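Encoded as structure tokens, the structure appears first; notes follow it.
The numbers here are math on the coordinates, done by the rules we state, and not lab data. A quick note: this is a predicted structure, and the numbers were derived from the prediction, not measured. Glycine gets a Cβ as well: all are built from the backbone with ideal geometry, and neighbour counts include every protein chain shown.
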Ligand SMILES: Cc1cc2nc3c(=O)[nH]c(=O)nc-3n(C[C@H](O)[C@H](O)[C@H](O)COP(=O)(O)OP(=O)(O)OC[C@H]3O[C@@H](n4cnc5c(N)ncnc54)[C@H](O)[C@@H]3O)c2cc1C
């Protein structure tokens, strides 16, 4: 039986429900592949609309990125709204902004409705890593104001030091309506809600092959599912099962360490308002406090496909660069996982063959965008899909490089590291 990657989240998971392995042949409306936020959200919304839904997870619910991430609920996309306007026009960009607002509202609403115990907190700091990055801070603030997003503030260096006990930044953009949560407990809570809504969840059940047609047929080790619709929600872990999707995303490793509990006073001195924080570098540091007063510090993206042999040693220097005062803090956990990026860093959402729906490649914004994409997939299957259509309009290019795409991406990564260093 599969287990979760050893992490702070696995150690503090508050629901140990095991779902059975599929060992029969089923005939249903929708088969969802993947038990992360995207898959569970699609399944939940579909079941609420009355569809008969089966969800297949190769490992455990929340085993992938959804149960391992930084828990940061980010605003907007990994591209400016001005860039998005160029891709989908002004109205399309407005629709995508609404998707963005709805995505965070959905987290708030689901947590409340299903009583999900996942340490949800609001407040977010985008800390300027270089003096020149204050231009991004000011421009982003102004752009968001134009989109009617006004619960924000720009801090200069001195003001920021009241909100973050680090000397290395040059100011920040603060926002009220982004934040953080315990991602594994959120995933487990959503799965409980999906099960209560009628979704049949199977763990240790990898979809091994897919036969397309007016009904799709999915084979697993000990069973099979025939369905009118398929939702492919395997993100960075789907592999080459659907080649057209595989070429559009690239798995990227990201790594997190967790200190020992620091004590309430020491922890809250570091981030007095308990905001989530990320920096403005291309290679992003992201961090926050856990509910028991640990520093959860993530960073050091890896595009080569290899996990560093010593994750503690790989991430700790980045944490000490921000918080040298944590030099004496014991490290209790270190873990990593794969997220998926697209070439243009916008989520890849769409359908294939009329009855295969997908959303993946959230490019670091998946905690917020997965939930809403699940809902949009459910709407698309039900035939009411305006927002889905706008997102699906973005023309995504495949990653260049064929079989050598990973080394090429590692080279690209070195370029971004150099830009962080030089800018
Ligand atoms: C270390 C780390 C830190 C991150 N930090 C943040 C953050 O702070 N904020 C943020 O917004 N995003 C963050 N992300 C990204 C975010 O976690 C993802 O975008 C999001 O969780 C994707 O959810 P998903 O459901 O699409 O994919 P996943 O959660 O990866 O789920 C996919 C699931 O599909 C299953 N699967 C794949 N293929 C098959 C198959 N053939 N059969 C059955 N099952 C299959 C896998 O086992 C897996 O459980 C981070 C990611 C990582 C790894």
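What's the percent breakdown of Cα-Cα distances in the range 102-145 across 10 Å bins, shortest bin first?
Result returned by the calculation: 21, 33, 25, 19, 1.
Of all beta bridges DSSP finds with both residues in the chain, what is the antiparallel percent, to the nearest 5? Before the final figure, lay out the partial values.
Numbers: 46 of 68 bridges.
Bridges in the chain that DSSP calls antiparallel: roughly 70 percent.
With the contact rule set at Cα under 8 Å and sequence spacing of 6 or more, what percent relative contact order holds for the chain? Can you show the working numbers first?
On the way: 921 pairs, mean separation 102.2, N = 423.
Relative contact order, the chain: 24 percent.
Residues in the range 115-152, backbone N under 12 Å from the label point at residue 282 (7 Å along the Cα-to-beta-carbon vector): list them, ranges by number please.
Flagged as within label range: none.
Can you give the FRET efficiency to the nearest 0.05 for residue 16 and residue 162, using r as the Cβ-Cβ distance and R₀ = 41 Å? Each step should come with its number before you reach the end.
Numbers: r = 41 Å, r/R0 = 1.00.
It comes to 0.50.
If you count, for each residue, the other Cβ atoms within 10 Å and average over each peptide, how do 96-105, 264-273 line up from highest to lowest? Don't skip to the answer; put the middle values down first.
Values: 96-105: 18.9, 264-273: 14.8.
Per-residue Cβ counts within 10 Å, averaged per peptide and sorted highest first, yield 96-105, 264-273.
Decide, for the range 141-198, between rounded, prolate and oblate: order the square roots of the alpha carbon gyration tensor eigenvalues as a ≥ b ≥ c, take rounded if a/c falls under 1.5, and otherwise choose prolate if a/b is larger than b/c, else oblate.
On the way: a/c = 5.28, a/b = 1.96, b/c = 2.70.
It is oblate, given that a/c is not under 1.5 and a/b is not larger than b/c.
Take 343, 44, 160 and order them by how many other Cβ atoms sit within 10 Å, fewest up front. It would help to have the intermediate numbers written out before the result.
On the way: 343 17, 44 28, 160 20.
Ascending Cβ contact count within 10 Å gives the list 343, 160, 44.
In nm, to one decimal, how far is the residue 291 label point from the residue 113 one, both placed 7 Å along Cα→Cβ?
With each label placed 7 Å out from Cα toward Cβ, I get 2.1 nm.
If R₀ is 25 angstrom, what is the calculated FRET efficiency for the pair residue 6 and residue 327, using the beta carbon separation as r and rounding to 0.05? Write down the numbers at each step before the final one.
Working: r = 24 Å, r/R0 = 0.97.
E between residue 6 and residue 327, to the nearest 0.05, is 0.55.
Just order 108-116, 142-150 by mean Cβ neighbour count inside 10 Å, highest at the front, would you? List each step's numbers first, then the result.
On the way: 108-116: 14.8, 142-150: 13.2.
Going by the mean number of other Cβ atoms within 10 Å, highest first, we get 108-116, 142-150.
Based on alpha-carbon centroids, what's the gap between the range 28-44 and the range 91-137 in Å, whole number please?
Computed from Cα coordinates, the inter-centre distance equals 23 Å.
Among 50-63, 209-222, how do they line up by average Cβ neighbours within 10 Å per residue, starting with the highest? Provide the component values of the computation, followed by the final result.
Values: 50-63: 23.8, 209-222: 14.6.
Ranked by mean Cβ neighbours within 10 Å, highest first: 50-63, 209-222.
Stretch residue 320-residue 306 to full length: gain in nm at 0.36 nm per residue minus the Cα-Cα span? Don't skip to the end; give the middle numbers.
On the way: separation 14, 0.36 × 14 = 5.04 nm, distance 2.36 nm.
Gain in length upon complete extension: 2.7 nm.
What's the extension gain from residue 240 to residue 87 if we count 0.36 nm per residue and subtract their Cα-Cα distance?
Working: separation 153, 0.36 × 153 = 55.08 nm, distance 2.77 nm.
Contour length minus the Cα-Cα distance gives 52.3 nm.
More than 17 Å apart: what percent of Cα pairs in the range 6-87 qualify? Intermediate values should be presented prior to the final figure.
Working: 2055 of 3321 pairs.
When all Cα pairs of the range 6-87 are counted, 62 percent exceed 17 Å.
If we restrict to alpha carbons, what Rg and Dmax does the chain come to, in Å?
Taking only Cα atoms of the chain, I get Rg and Dmax of 20.7, 63 Å.
Could you give the nm distance between label points at residue 80 and residue 215, where each point is 7 Å from its Cα heading toward the beta carbon?
Output for this residue pair reads 5.2 nm.
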